[in-house]
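The next block holds one structure in the form of structure tokens; read it before the comments.
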Amino acid sequence: MVSERPASACVPFVVAAFVAAMGVGCPASALAGPQTLREGLFGERPLPGRGVSPPVARYVSEDGDAFVLDRSQTRVYMKFEDSSEIWTLRPYPAPRGDVIYKNDLGEPMLRATRLGGLTLFTPDRPGGSPAALTGVGGPLRLLPLSPQALLERLAQASAKATRAARRLIPFEADASPASSAVVADAANVTAEAVVRMSRRPDGRSVLAKMRKVKLVEGRKPSAVMHGDEMHITVAPADGLAGRPSSNRIMQAAGSR
């Protein structure tokens with residue numbers, strides 16, 4: 001049972017895996033009129049008869065990977081439709097006026113050209129796969145959570161990680177009202193990292209070293225192994241960008 005604390009205080013949450021994990025989805029895409037990738041990426045004036053491209057758009061790669069790219073906020077975010085993780089992307093200039101969007105490990109995920117082309121980079125296609133604009137998408141945002149809702153999200157993350165590791169991995173968090181949403185999201189991303197690690201050849205040996213996940217507030221997002229505990233630091237003021245990606249968590253665990 002969680003007692004009420006002042007808004008400025010942190011509340012400790014400790015849960016074990018006794019509930020089933022639930023998926024987190026995004027609003028379904030609505031189809032839009034004819035668009036060009038050039039308009040979608042760079043917001044240039046549309047040709048006669050074409051609509052204005054949305055700042056939040058849905059794309060599908062040549063290999064069938066569907067994702068939403070959200071350029072409506074101060075940061076650029078991306079989410080694959082078959083995953084609950086939202087990626088924070090940083091733009092970097094490339095030759096010929098192109099822009100490469102990278103994750104928090106500096107790994108390229110998208111490349112946009114001035115001619116309107118968009119290329120998606122994935123582990124299966126490190127050389128890139130062309131992607132096409134298919135319509136509008138829902139904005140990628142975090143919503144405030146109550147203490148009870150945060151407990152439920154931590155329990156879901158613990159259950160998901162426990163199933164993947166085949167043994168109990170409890171999640172513990174020190175959270176305040178201001179950080180509850182990003183802490184819950186960080187817990188979900190950590191569970192996703194555990195699932196991904198469990199599928200790798202070295203996954204079992206790496207996960208054998210992880211006995212608990214601890215989430216705390218800080219000035220800069222990070223993921224560090226302390227003994228047998230994975231410590232995840234979130235920066236509430238940065239919103240979705242204030243927690244490490246699953247790739248960074250896997251790297252901290254020694255699985256990349």
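Observations on the structure shown:
Let's see how each residue does on (1) under 16 Å from the mean Cα position of the chain (by Cα); (2) under 23 Å from Ser83 (Cβ atoms):
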position: Pro108; (1), (2): yes, yes
position: Thr119; (1), (2): no, yes
position: Gly128; (1), (2): no, yes
position: Ala132; (1), (2): no, yes
position: Gln156; (1), (2): no, yes
position: Ala159; (1), (2): no, yes
position: Leu168; (1), (2): no, no
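- Checking each residue in the stretch 134-154 for being of a type outside the set (D, E, K, R), buried (at least 19 other Cβ atoms within 10 Å of the Cβ) and within 19 Å of the chain's Cα centre (by Cα) picks out Gly137, Leu140, Leu145, Leu150, Leu154.
- Residue list for the stretch 189-227, filter: surrounded by 14 or more Cβ atoms within 10 Å (Cβ to Cβ) and on the phi > 0 side of the Ramachandran plot: none
- Residue match in the stretch 68-90 (condition: hydroxyl-bearing (Ser, Thr, Tyr) and either assigned by TED's automatic domain parsing to the domain that holds Ser246 or within 17 Å of Leu133 (Cα to Cα) (or both)): yes
- Options Ala175, Ala157, Ala235, Ala186; residue that is buried (at least 19 other Cβ atoms within 10 Å of the Cβ), in contact with a helix residue (DSSP H, G or I) (Cβ under 7 Å, 6 or more places away or on another chain) and at pLDDT 95 or above: Ala157
- So Ala164, is it in contact (Cβ under 8 Å) with a residue 40 or more places away in the chain, surrounded by 20 or more Cβ atoms within 10 Å (Cβ to Cβ) and closer than 15 Å to Gly218 by Cβ: no
- Conditions (1) of a type in the set (D, E, K, R); (2) modelled with pLDDT under 95; (3) closer than 25 Å to Asp124 by Cβ; number of the one not met by Lys209: (3)
- Selection count, the stretch 64-107, where residues are farther than 18 Å from Val136 by Cα, crowded, with 21+ Cβ neighbours inside 10 Å and in contact with a helix residue (DSSP H, G or I) (Cβ under 7 Å, 6 or more places away or on another chain): 1
- Selection status of Pro221, of a type outside the set (S, T, N, Q) and more than 18 Å from the chain's Cα centre (by Cα): no
- Taken over the stretch 107-120, the criterion of being modelled with pLDDT of 90 or more and over 15 Å from Val76 (Cβ atoms) is satisfied by Thr119 alone.
- When Leu145 is tested against the conditions (1) closer than 16 Å to Val234 by Cα; (2) free of Cβ contacts under 8 Å to residues at least 12 places away in the same chain, the lone failure is (2).
The values are calculated or read from the model by the stated rules, or taken from the named source; none is laboratory data. Just so it is clear, the structure is predicted and the values come from calculations on it, not from any experiment. Don't worry about glycine lacking a Cβ; one is built from the backbone with ideal geometry, like all the others, and counts go over all protein chains shown.
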